[in-house]
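Colleague: Supplied in structure tokens, the structure appears directly below.
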Amino acid sequence: MKVYPGDIGTAVGLRCNENAQVLGAGDRPITGLYAVGNDLHSVMGGQYPAPGITLGPAMTFGWIAARHIARQPARYETTA
């Protein structure tokens, strides 16, 4: 199989809110599920204007998601 370099990427991914949380039924966030980069719906409105356009939003929404996760209460149980 031949592989050719190109400048194409995804522009339509999972719908998320401002905290990078993936939205489910009724546009409600799915607890614990976040998306960034090519998995997140493009902030460019479904357009793909140039190579690398996903890098800035990936870093930004990764930071936003991490901050949101850090503010959530712990969701684990400990056993003695």
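Colleague: Residue by residue through region 25-40, note down the ones that are small (Gly, Ala, Ser) and at pLDDT 90 or above.
Modeller: ALA25, GLY26, GLY32, ALA35 - these are the residues of region 25-40 that are small (Gly, Ala, Ser) and at pLDDT 90 or above.
Colleague: Somewhere in region 41-61, is a residue modelled with pLDDT of 90 or more, of a type outside the set (Val, Ile, Thr), touching a Cys at 6+ places or on another chain (Cβ under 9 Å) and assigned to a helix (DSSP H, G or I)?
Modeller: Yes, some residue in region 41-61 is modelled with pLDDT of 90 or more, of a type outside the set (Val, Ile, Thr), touching a Cys at 6+ places or on another chain (Cβ under 9 Å) and assigned to a helix (DSSP H, G or I).
Colleague: Right, next: Restricting attention to region 62-80, report how many residues are assigned to a loop (DSSP other than H, G, I, E, B) and modelled with pLDDT of 75 or more.
Modeller: So the count comes out to 4.
The values are calculated or read from the model by the stated rules, or taken from the named source; none is laboratory data. What you see is a predicted model, and the numbers here were worked out from it, not measured in a lab. Using ideal geometry, Cβ is built from the backbone for each residue, glycine included, and neighbour counts are taken over all protein chains shown.
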